[in-house]
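Each remark here refers to the structure printed beneath this line.
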C-alpha cells in the first residue's frame, strides 16, 4: 500500500501546483471533484485522516456557495487537509492486507430481499458492521437465481413488497431447498396472527416484527447462522447427494493413506466434474440440476466397492478415494461409470437430455499429501476438459503443460487513477488467476468506456464491470443502463462504487441491474471477497 499512498500524496501536490501556477479562477465543481476523489480513495488505501478531512471540507464547500475561487483562497480553504498530508506520519496506519483477507474469507453470507431501498441499505450496513457479507436484492427472481450460486448462510425476506409477496418468495425458496438447510427470516410490519402462522407453515425459521431493535435482530440472525454452521460441522453426508462432505476428506485421506502405506498397497484418487453443468441449471432449472447431481451420486455409489469413499468436493465436483487400487484399475471403474451415466436420460416436462463428466486420476500416498494429490488430479481433469470433455485422464507429470484457462474480462471504470491502479493489482494477484485468464482494462470515465465498445466485444466471454457511480461526462447509472440493454447482459456482472449513500442512488443501481454495490471507502479484501462470490454465477 505504501506506493499507493505515495502516489496519492504526489497527486495532491501536482493538483496544488497546477492551481497555484494557473491564472484562471478555480470553479467549485473542480474543487469538489478533487475533494470527492480524496474522500473515497484515501481511506481505502489506509490514509483515514486525509479521507476524513476531505469529507469535512466537501460539506463546508457546499455551504460556501461561492461561484469561483482564487488559488490563495483554495490554499487557505484546504489548509486542514494539507497540514495532515504533509506533516502526518502514516506508518501506523499501514494496511495489513494478509490479515484483512483472512478475516474477510471467514464471513458468513446473508441474502436480503426487499424492494424498499432505505431499509435494504440500513440492514446491509448494520449486518456488515457485524462482519457478515451481505448481498442485497430488490428482484425476487434475480435473488432466486443467485441463491444457488451464492449458497448463503441465511436469507432475510420482507413479507410485504409492492410487486411480490414475501410469503410467495419464501414458498418458492423452500421448494428449491428441500435438500439444504438454509435458514429463512421473515420481517414485516404486519403483526397479525395469520401472517405469522402462514410464515411458519411455509417453514420460516423466524418471524421478526418491524420496527425491531437492531441488537435483537442481529442476535436472532446470528443464532440461526451459528446453528447452520454447527450442523455443517456435525453432518458427515452431503444433504443433497448423500456422499461424504468435503470436511471429512482430509482425515479420511490421511487414515487411508497411512493404512495403504503400512500394507504396501496402491492408492488412487479421482477428481470428477460434471460437464456443462451450469447450462443444465440455466436451461432446465436448479431442481432438475439437483436431480442430475443425485442421479450421478447414486450411480457412483452403485459402482464402487464398500471401501471406496466418494466425497462432494464442490458444487458439481466429486472426489473418490480408491484404496488398494492402482491408476489403471481406477480408470477402468470410471470409464464404466461414464458410459452408464451418459446413457442415463434426465426428463423434464418438455424434453429429455443426457449429461457427461470429465475426470482426472492421480496415484496417492501419505508422503505426497492430500494437496499434492488433488493438484495432480486437478491437472489431469483440466486436460480432460481441454481435450473435449466426457473423458478420463491419468496424471502423468506435475510438469505437464496446463490447458488454456477460460477468459474472464474486467473493466474498471473510475475517474480516480489510484483506484484504477489498486484494483488492477488486486485482481492480478487474486486467486481468480488459478481458474481464469484475466483480461483487465481500465477507463477514466463512462464515455471512454462506451466509446471503446468494450461492452460489445467478445460477446461469448463472461465480464465483470467495476463501475464508479459519479464520473465526469457520464454518470455510472447511465453506463449501467447501456450494459443492461444488451442482448447478452446476463454475461455481465456489475459492481457499483459510490460515495453517495442516498436511497435514490442505490435504488437506481439495483433497479437497472447492478449485482452489488460498495460505498467508498471500502476495504480491498471486502471487494475481492464479493467478486469471488459473484463470479460463481459466470463459472461453469
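The values are calculated or read from the model by the stated rules, or taken from the named source; none is laboratory data. Being a predicted model, the structure only gives us computed values, none of them experimental. Neighbour counts are summed over all protein chains in view; Cβ atoms, including those assigned to glycine, are modelled from backbone coordinates with ideal geometry.
Residues checked against (1) assigned by TED's automatic domain parsing to the domain that holds residue 190; (2) under 12 Å from residue 111 (Cα atoms); (3) surrounded by fewer than 22 Cβ atoms within 10 Å (Cβ to Cβ):
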residue: 130; (1), (2), (3): yes, no, yes
residue: 147; (1), (2), (3): yes, yes, no
residue: 152; (1), (2), (3): yes, yes, no
residue: 156; (1), (2), (3): yes, yes, no
residue: 159; (1), (2), (3): yes, no, no
residue: 163; (1), (2), (3): yes, no, yes
residue: 166; (1), (2), (3): yes, no, no
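With (1) surrounded by 16 or more Cβ atoms within 10 Å (Cβ to Cβ); (2) part of a helix (DSSP H, G or I); (3) under 29 Å from the mean Cα position of the chain (by Cα); (4) modelled with pLDDT under 95 as the list, and residue 230 as the residue in question, which single condition is left unmet?
(1)
From the list 490, 475, 415, exactly one residue is touching a strand residue (DSSP E or B) at 6+ places or on another chain (Cβ under 9 Å) and not assigned by TED's automatic domain parsing to the domain that holds residue 11. Which is it?
415
Tell me, which residue of the range 411-434 that is touching a residue at least 40 places away in the same chain (Cβ under 8 Å), surrounded by fewer than 21 Cβ atoms within 10 Å (Cβ to Cβ) and outside any helix (DSSP H, G or I) is farthest from the chain's Cα centre (by Cα)?
Result: 415.
Pull up the range 1-32, narrow it to residues that are in a helix (DSSP H, G or I) and within 30 Å of the chain's Cα centre (by Cα), then point me to the one that is surrounded by the most Cβ atoms within 10 Å (Cβ to Cβ). If you could, list the steps in order and put the result at the bottom.
Of the range 1-32, the ones in a helix (DSSP H, G or I) are 2-21, 28-32.
In the following step, the residues that additionally are within 30 Å of the chain's Cα centre (by Cα) were identified as 2-5, 7-8.
Numbers: 2: 12, 3: 11, 4: 20, 5: 19, 7: 16, 8: 23.
Of everything passing the filter in the range 1-32, 8 is surrounded by the most Cβ atoms within 10 Å (Cβ to Cβ).
Anything in the range 456-469 that is on the phi < 0 side of the Ramachandran plot and either surrounded by fewer than 19 Cβ atoms within 10 Å (Cβ to Cβ) or out of contact with any strand residue (DSSP E or B) (no Cβ under 7 Å at 6 or more places or on another chain) (or both)? List them, or say none.
Answer for the range 456-469, where residues must be on the phi < 0 side of the Ramachandran plot and either surrounded by fewer than 19 Cβ atoms within 10 Å (Cβ to Cβ) or out of contact with any strand residue (DSSP E or B) (no Cβ under 7 Å at 6 or more places or on another chain) (or both): 456, 457, 459, 460, 461.
Could you list, in sequence order, all residues of the range 309-334 that are assigned to a loop (DSSP other than H, G, I, E, B) and within 15 Å of residue 365 (Cα to Cα)?
Matches in the range 309-334: 324, 325, 326.
Report yes if some residue within the range 338-358 is under 23 Å from residue 263 (Cβ atoms) and either assigned to a loop (DSSP other than H, G, I, E, B) or at pLDDT 95 or above (or both); otherwise report no.
No, the range 338-358 contains no residue that is under 23 Å from residue 263 (Cβ atoms) and either assigned to a loop (DSSP other than H, G, I, E, B) or at pLDDT 95 or above (or both).
In the range 491-505, which residues are farther than 12 Å from residue 476 by Cβ and either surrounded by 19 or more Cβ atoms within 10 Å (Cβ to Cβ) or at pLDDT 80 or above (or both)?
491, 492, 493
Can you run down the residue pairs with Cβ atoms below 6 Å, 6 or more apart or on separate chains, where the first is in the range 507-525 and within 20 Å of residue 109 (Cβ to Cβ) and in the same structural domain as residue 480 (by TED's automatic domain parsing) and the partner is assigned to a loop (DSSP other than H, G, I, E, B) and modelled with pLDDT of 80 or more?
Cβ pairs passing all conditions: 510/138.
So, residue 288, is that one at pLDDT 90 or above, under 30 Å from the mean Cα position of the chain (by Cα), surrounded by 15 or more Cβ atoms within 10 Å (Cβ to Cβ) and outside the structural domain of residue 126 (by TED's automatic domain parsing) or not?
yes
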